[in-house]
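Heads up, the thing below is written out as structure tokens.
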Amino acid sequence: MANMEFDYTFDMFENGTDNISEESGDFGLDFQEPCGSTLSTNFNKIFLPTVYGIIFVLGIIGNGLVVVVMGYQKKVKTMTDKYRLHLSVADLLFVLTLPFWAVDAAKTWYFGSFLCVSVHMIYTVNLYSSVLILAFISLDRYLAVVRATNSQATRKLLASRVIYVGVWLPAAILTVPDMVFARVLNMGSSNFDLTNESMETADSRTICQRIYPQKNNLTWTAFFRFQHILVGFILPGLVILICYCIIIAKLAQGAKGQALKKKALKTTVILILCFFSCWLPYCVGIFLDTLMMLNVVPTSCELQQAVETWISITEALAYFHCCLNPILYAFLGVKFKKTARTALTVSSRSSQKVTLMTKKRGPISSVSTESESSSVLSS
């Protein structure tokens with residue numbers, strides 16, 4: 001992309017739906033050196049809708065179950081439960097946007113200007129919020145394990161008040177560029193002679209993307225990409241890494257409860273590896289593509305196409321994290337699994353309305369108490 005003259009820049013890094021080059025593809029109206037990318041186009045038309053569909057189904061099932069169980073509990077009892085609910089709501093809203101992007105990747109944008117801006121905003125706010133919530137969860141675990149004796153007030157403040165200022169407010173503010181720049185453009189009405197991968201034919205392509213003004217478009221694009229890498233990966237990643245490393249060091253001390261500590265250490269390492277395995281390859285690809293766009297790294301058609309394919313694949317891997325979140329942050333908790341089984345069992349029994357209803361059933365245990373906060377397995 002570095003050898004292009006830009007009149008408009010279409011940047012989908014913030015929204016992960018760019019059929020042009022999947023997060024990397026900014027294109028202009030004048031090409032000095034067009035790269036043939038039919039292979040990438042065909043790959044994206046099949047690969048992205050398929051993966052988005054799988055993520056959508058798994059994300060709805062997993063996060064939907066968490067929300068149902070939280071609703072069954074009637075009242076959220078613990079800070080851990082509050083984070084679970086926030087995270088599942090964020091992930092649910094995230095996956096609800098994927099069908100739109102799947103259709104867009106397979107064919108074109110059919111849904112009009114209002115939905116274009118709305119889906120961009122929903123996508124962005126929940127993409128950021130889900131990652132920031134993970135940082136809050138790691139901070140809560142640090143307080144529960146390392147500062148267990150005097151951390152209850154701080155944990156309650158974080159879970160009840162600070163999370164809105166530290167997660168949802170920044171995520172909402174970061175949707176402002178979507179309101180300003182996201183729009184629908186019918187390429188068929190513009191007499192553009194484009195050979196880029198974003199269009200099969202110049203008279204049939206409608207796009208829903210951020211469209212930056214001609215002046216300083218490279219600056220706009222680079223700024224928002226680096227902003228996403230910083231806010232959406234580096235900062236929360238550092239919080240997660242530091243908190244969990246301290247937790248590991250704390251759990252490794254002493255001789256009491258070695259079996260429980262061993263399991264807690266294993267769980268903590270899994271959480272760290274899953275986060276960085278999902279998001280690091282994607283952000284590396286975006287960073288490299290941005291350096292190529294700014295001519296910091298020499299580019300070629302072969303390298304450009306390889307980076308585009310890499311970003312498409314690692315983008316899907318990153319989005320799979322929203323399917324892993326219910327497993328990592330809910331189903332690994334023993335008490336959550338018990339509550340889920342109880343909720344589903346009681347729901348099934350009540351729907352059948354058989355003679356078993358006459359039997360006296362013991363009270364259903366409520367959600368776990370704050371005593372779980374003393375263990376990293378509480379989540």
Self-check item: Whole-angstrom gap from region 297-312 to region 85-143, using each part's C-alpha centre
Solution: 26
Quiz prompt | Pairwise FRET efficiency - Ala148 versus Asn186, Cβ, R0 = 56 Å, nearest 0.05 | solution = 0.40
Quiz item: If each residue's Cβ is checked for other Cβ atoms within 10 Å, how do Arg205, Arg161, Arg210, Arg183 rank with the fewest at the top?
Solution: Arg161, Arg183, Arg205, Arg210
Practice problem: Calculate, for Asn216 and Leu241, the FRET efficiency according to 1/(1 + (r/R0)^6) with r their C-beta to C-beta distance and R0 30 Å; round to the nearest 0.05. | Solution: 0.30
Quiz item: Between Phe223 and Lys263, what length in nm is gained on full extension when 0.36 nm per residue of separation is reduced by their alpha carbon distance?
Solution: 10.2 nm
Quiz item: Simple spin-label model, 7 Å along Cα-to-Cβ: Val296 to Leu157 in nm?
Solution: 3.8
Quiz item: If you count, for each residue, the other Cβ atoms within 10 Å and average over each peptide, how do 308-314, 246-252 line up from highest to lowest?
Solution: 308-314, 246-252
Quiz item: Which value in nm describes the separation of the simple spin-label points at Ile46 and Cys274, placed 7 Å from the Cα toward the beta carbon?
Solution: 3.1
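Values in this text are rule-based calculations from the coordinates and carry no lab data. This is a predicted model, so every value here is computed, not measured. Positions of Cβ are backbone-derived with ideal geometry, glycine not excepted, and every protein chain shown enters the neighbour counts.
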